[in-house]
Amino acid sequence: MLADYHTHTYLCKHASGEPEEYLRQAERAGLAEIGVSDHCPWPDGYDTECRMAVEEYGLYRDITAKLQSLGSKVKVRIGLEVDWVPGQMEIVREKVESGNFDYIIGSVHYVDDFPFDNPAMLEEWAKPGKQEWVWANYASLLTEYIMNFDFEIIGHMDLPKKFGHFPCEMKKFMEKADYAFELAGAKNMSIELNTSGLRKPVKEIYPSLEILKLAKFRGLTITLGSDAHHPSEVAANFKDAVELATLAGYKEFALYSAREASLASLF
């Protein structure tokens, strides 16, 4: 029995469906656990079109507490997807540490002021040198994040490929990824297999097999996440994720409670 640790709520402004519907879909999919991991509202005023407002955070906790109270056979875990916002992470650190979460997903969605995974910004990718710039800086930001903030799960690694954009060659990126994974392995982090990439133009799970093998070599465990923004997406393509994990040499995945990991069999 698997666990889907990357799901969202309508509070993020780009998801639909009621939270109870996500839980019911998890039951139908035969999951052991589902984690709610909506976008962190801090720092206040950051990326306001794609996350809950600070004043809605109490509602988020009410939503997740209600799900836990429903007595489902699927255990409900409470997480948060947290962005790396250079120079503004102290308030985030304070809120995360006091939030009694089961896990934190650390994600990078921006390079400087460019939201590289936003479909409204696709034309930016056509600018000369943009692909090289995004991939190089994405890797650097992720490394900086891992070095300077405590979180459990690396979210949708290699997200810049979402629309099919890649650098001319991946060698430099892979070298930076290797260093990031060395740091992450020393902190006992996981990397998620995020199946939402199969629903995007790239038609690939995040991360690629090559990257996942590198993570395995550096000692990272894995989690599974659908990145569901609609109830029908909960546990989507998990069979494909298990196959990818197996090809990379994984036999187990991580479960989290109170930010402590345990391992369960993928099969």
* **Candidate set from the stretch 84-130 (those that are assigned to a loop (DSSP other than H, G, I, E, B) and in contact with a Pro (Cβ under 7 Å, 6 or more places away or on another chain)); member that is surrounded by the fewest Cβ atoms within 10 Å (Cβ to Cβ)** => 88
* Could you tell me whether residue 215 is in contact with a strand residue (DSSP E or B) (Cβ under 6 Å, 6 or more places away or on another chain), modelled with pLDDT of 95 or more and more than 25 Å from residue 22 (Cβ to Cβ)? => yes
* Structure fact -> Filtering the stretch 195-206 down to residues that are out of contact with any Phe, Trp or Tyr (no Cβ under 9 Å at 6 or more places or on another chain), closer than 21 Å to residue 180 by Cβ and either among the hydrophobic types (A, V, I, L, M, F, W, C) or surrounded by 20 or more Cβ atoms within 10 Å (Cβ to Cβ) (or both) yields 205, 206
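Would you check if residue 65 is exposed (fewer than 13 other Cβ atoms within 10 Å of the Cβ), at pLDDT 95 or above and aliphatic (A, V, I, L, M)? Spell out the reasoning first.
Values: exposed (fewer than 13 other Cβ atoms within 10 Å of the Cβ): yes; at pLDDT 95 or above: yes; aliphatic (A, V, I, L, M): yes.
Spelling it out, residue 65 is indeed exposed (fewer than 13 other Cβ atoms within 10 Å of the Cβ), at pLDDT 95 or above and aliphatic (A, V, I, L, M).
Answer with yes or no whether residue 203 is under 27 Å from residue 132 (Cβ atoms), touching a Gly at 6+ places or on another chain (Cβ under 8 Å) and assigned to a helix (DSSP H, G or I).
no
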* How many residues, within the stretch 156-194, are buried (at least 19 other Cβ atoms within 10 Å of the Cβ) and part of a loop (DSSP other than H, G, I, E, B)? -> 5
* Restricting attention to the stretch 239-267, report how many residues are surrounded by fewer than 21 Cβ atoms within 10 Å (Cβ to Cβ), part of a helix (DSSP H, G or I) and touching a residue at least 12 places away in the same chain (Cβ under 8 Å). => 5
* Among the residues listed as 83, 112, 117, the single one being at pLDDT 95 or above and over 15 Å from the mean Cα position of the chain (by Cα) -> 112
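In the stretch 81-96, what residues are touching a residue at least 24 places away in the same chain (Cβ under 8 Å) and either of a type in the set (D, E, K, R) or over 12 Å from residue 46 (Cα atoms) (or both)?
From the stretch 81-96, those touching a residue at least 24 places away in the same chain (Cβ under 8 Å) are 81-86, 88-89, 91-93, 95-96; that's our starting set.
Listed by number, the residues that qualify are 81, 83, 91, 93, 95, 96.
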* Close pairs (9 angstrom Cβ cut-off, 6 or more residues apart or separate chains): in contact (Cβ under 8 Å) with a residue 24 or more places away in the chain in the stretch 6-23, of a type in the set (Lys, Arg) and in a helix (DSSP H, G or I) anywhere -> 19/66; 20/66
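The values are calculated or read from the model by the stated rules, or taken from the named source; none is laboratory data. Computed from a predicted model, the values in this text were never measured in an experiment. With ideal geometry, Cβ positions are generated from the backbone for all residues, glycine too; neighbour counts draw on all protein chains shown.
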